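Inspection log for the structure reproduced underneath, given as structure tokens.
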Amino acid sequence: MEKFKTLQSTAIPLAIENIDTDQIIPARFLKATDRKGFGDNVFRDWRFNKDETTNSSFVLNNPKYNGQILVAGDNFGCGSSREHAAWALSDYGLKVIVSSFFADIFKGNALNNGLLPVQVSKDFLKVLLDIVTKNPKTQLTVDLEKQSISVKGTSFKESFEIDTYKKTCLINGYDDIDYLLSKKETIKAFEAKKTY
Amino acid sequence: MFINKLNQLKMGQTLFDKVWDAHVVDTIKNGPQILYIDKHLIHEVTSPQAFNELENRNIPVFRPQQIVATADHNTPTQNQHLPVKDELSRKQLKQLSENCKKNNITLYELGHKYNGIVHVMAPELGITQPGMTIVCGDSHTSTHGAFGSIAFGIGTSQVAQVFASQCLLLTKPKSLRVTVNGTLKKGVLPKDVILYIISKLGTNAGTGYFCEYAGDVFENMSMEGRMTVCNMSIEMGARGGMIAPDQTTFDYVKGKKFAPKGEAFEKKVKYWKTLPTEANATFDKEYTFEASDIEPMVTYGTNPGMGIKVTENIPTLKDASFEKSLKYMNFKQGESLINKPINFVFIGSCTNSRIEDFRVAASFIKGKKKANNVTAWLVPGSKQVETQIIEEGLKTIFDDAGFELRQPGCSACLAMNDDKIPQGEYCVSTSNRNFEGRQGQGSRTILASPLVAAATAVEGKIVDVTKQLN
Ligand code: SF4
């Protein structure tokens, strides 16, 4: 996994609530057997019209907005547990998703793929969406060590929570498998004396 | 201070606490716990990348005997004896077979007498048992909580973790209890109960929580019904749902293929009886509902929380997401869904594709015919359910009524195979998700019980089914 410490980037505002993983990557694209290439189909049915032409009103198709940060509406990533959603967002080039709420499984999947979910308050999100939408050149700074997100050149800032263990993993680029494998003997001992 | 401590010491444990605590291998300071996983279920869509990961890192599968595989998401529901037409699907299924073979994992592949949707076949075979921890790369793994097990969906990275270590790193979720007391009205099914709960609580009331369902309604419910309820826990955001194991549970498990037998079974039952939540246990959040308030439900929007009683009108709300959703569905604020023409009906998915669901549908359909405008698909959850439908004579009822009984699989629940609802069409569906395009690009899903679905197919429009019951 790639290491993550801080990121400074412009952001893409996607002010839609309850974005489910079926929208992030529709089921018909789940037939692949490796992790790459899903970025081409991220938000597929919003990016393209029914006749396969580009939907120019969708923010990802607006050349004004780009960057490695997606600022999305409340309750991001609900629905299906497909990790393909996290892969698709990463593969598209995103490193951070900001929302006021993340669905559990999506959050875990994102963290396991070096994609940082930054959960902010509803008020902060509202203002942030507004700033980013009005001025697409706005630079945001996400500092994982300090657990903060801020708008460059302003005092507009908020801190966010992250599990200490997950934070260490991201900063060092470890994953859970490495950790669990180091615990093999403890696991075997547990199996030997299982009580249920 | 002292009294507080004493109270805490005496505080009882919940069903969830008991099962969770029994599976904790170790705790990381200021971090997650290592939770031992008893059963790992896999399918073709979320496992290939996990197998690749292990292979790339040269890590063997740690406990292959605790893994069971089935092919369900991507399988055709017609002509299953023929080679799968879609090339990518065929490749995915082939890869599952190869991966299972290489790693000594039991696979019930397409056509096998135990094949089926993972959340239907595992309980049916007695793989699912009370007190277990069960995971699968599929969010509706919550279904298995109906047995009083901790069961939840995981992402593919976690599938790889379980392959490698039979464990997961997790932070213990908070606890939530939903109690429904009283007696359900005629025509109100378990599906209505859960749609009602989600309509009241919303789609993220459960995020960060594990939910226990308690009260008369669940105690009096069959195992099939309990599975329907627990299945949709994820739709209110909860990682999983649980119902305390009781005699209904034990009777269901007894005699199943992989259930313990004889003395071993009795010993297990003794343990299972210790699992229910103690009277003085407390939950982080509690909700209570009255059974008599629940009626047959339908959804009108693009998330499962957007549900109403079939006799109610769509609410009016000034909210961008709400308006966007109604626009997609082509419904108006304040309107009633009664008499809306419907051309597609789907009875299937891991929510409602068990034998009981087809019995309910058949008892309504018997002697009637589907409306001419309707395409009605019945997709059993497993090979065993399919066989039962035929043996119990339900197939004849369906055939006579013009319904189409297909072969088992996820089918139109997520429309990965050919079973897609056309652009712009409504489908009254017994599945669990009404997201935009879930049942096919541009399709519009209305979630309902098998009874409401059957009535819709017969009438060709949405009706208040309770008026037709005597
Ligand atoms: S039936 Fe639908 S919800 Fe259930 S496992 Fe299959 S795709 Fe998922």
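What follows draws every value from the coordinates through simple rules; no lab data is involved. The shown structure was predicted, so the numbers you read here are calculated from the model rather than taken from an experiment. When we count neighbours, we look across all protein chains shown, and the Cβ atoms used for this are built from the backbone with ideal geometry, even at glycine.
This table checks each residue for (1) out of contact with any helix residue (DSSP H, G or I) (no Cβ under 7 Å at 6 or more places or on another chain); (2) without any contact (Cβ under 8 Å) to a residue 40 or more places away in the chain; (3) away from the ligand (no atom under 16 Å from the Cβ).
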residue: B:367; (1), (2), (3): yes, yes, yes
residue: B:370; (1), (2), (3): no, no, yes
residue: B:388; (1), (2), (3): no, yes, yes
residue: B:393; (1), (2), (3): yes, yes, yes
residue: B:402; (1), (2), (3): yes, yes, yes
residue: B:416; (1), (2), (3): no, no, no
residue: B:432; (1), (2), (3): no, no, no
residue: B:459; (1), (2), (3): yes, no, yes
Legend entry - Odd one out for residue B:437, checked against (1) in contact (Cβ under 8 Å) with a residue 60 or more places away in the chain; (2) not in a strand (DSSP E or B): (1)
Inset, instruction - Provide a single number: the residues in the stretch A:131-151 that are farther than 15 Å from residue A:5 by Cα and surrounded by fewer than 13 Cβ atoms within 10 Å (Cβ to Cβ). - result: 3
Inset, instruction - Can you confirm whether the stretch B:129-140 contains a residue that is of a type in the set (Val, Ile, Thr), in a helix (DSSP H, G or I) and touching a residue at least 24 places away in the same chain (Cβ under 8 Å)? - result: no
Legend entry - Positions within the stretch B:150-180 being over 13 Å from residue B:40 (Cβ atoms) and among the small types (Gly, Ala, Ser), in sequence order: B:155, B:157, B:175
Inset, instruction - Would you mention how many residues in the stretch B:174-221 are in a strand (DSSP E or B) and either in contact with a Pro (Cβ under 6 Å, 6 or more places away or on another chain) or crowded, with 20+ Cβ neighbours inside 10 Å (or both)? - result: 11
Legend entry - Subset of the stretch B:310-326 (residues that are surrounded by fewer than 19 Cβ atoms within 10 Å (Cβ to Cβ) and touching a residue at least 60 places away in the same chain (Cβ under 8 Å)): B:311
Legend entry - Residue that is farthest from the chain's Cα centre (by Cα), among those in the stretch B:56-89 that are basic (Lys, Arg) and surrounded by fewer than 15 Cβ atoms within 10 Å (Cβ to Cβ): B:57
Inset, instruction - Tell me which residues, restricted to the stretch B:87-109, are in contact with a Pro (Cβ under 8 Å, 6 or more places away or on another chain) and either more than 16 Å from the ligand (Cβ to nearest atom) or in a loop (DSSP other than H, G, I, E, B) (or both). - result: B:90, B:95, B:99, B:103, B:104, B:105
Inset, instruction - Could you identify the single residue in B:301, B:348 that is within 14 Å of chain A (Cβ to nearest Cβ), in contact with a Leu (Cβ under 8 Å, 6 or more places away or on another chain) and among the small types (Gly, Ala, Ser)? - result: B:301
Inset, instruction - Would you tally the residues in the stretch A:98-123 being within 15 Å of the chain's Cα centre (by Cα) and not in a strand (DSSP E or B)? - result: 16
Legend entry - Selected residue (only one of A:194, A:126, A:188 is charged (D, E, K, R), surrounded by fewer than 18 Cβ atoms within 10 Å (Cβ to Cβ) and assigned to a loop (DSSP other than H, G, I, E, B)): A:194
Legend entry - the stretch A:19-58 - residue that is of a type in the set (Val, Ile, Thr) and surrounded by 18 or more Cβ atoms within 10 Å (Cβ to Cβ) and, of those, farthest from the other protein chains (Cβ to nearest Cβ): A:42
Inset, instruction - Determine, yes or no, whether residue B:32 is away from the ligand (no atom under 16 Å from the Cβ), within 13 Å of chain A (Cβ to nearest Cβ) and in contact with an Asp or Glu (Cβ under 9 Å, 6 or more places away or on another chain). - result: yes
Legend entry - Index of the failed condition, residue B:442 passing every other in (1) in contact with a Phe, Trp or Tyr (Cβ under 7 Å, 6 or more places away or on another chain); (2) small (Gly, Ala, Ser); (3) more than 16 Å from the ligand (Cβ to nearest atom): (1)
Legend entry - Residue within the stretch B:194-203 that is within 14 Å of the ligand (Cβ to nearest atom) and within 17 Å of the chain's Cα centre (by Cα) present: yes
Inset, instruction - Please enumerate the residues belonging to the stretch B:132-175 that are over 19 Å from residue B:25 (Cα atoms), away from the ligand (no atom under 15 Å from the Cβ) and among the small types (Gly, Ala, Ser). - result: B:148, B:157, B:175
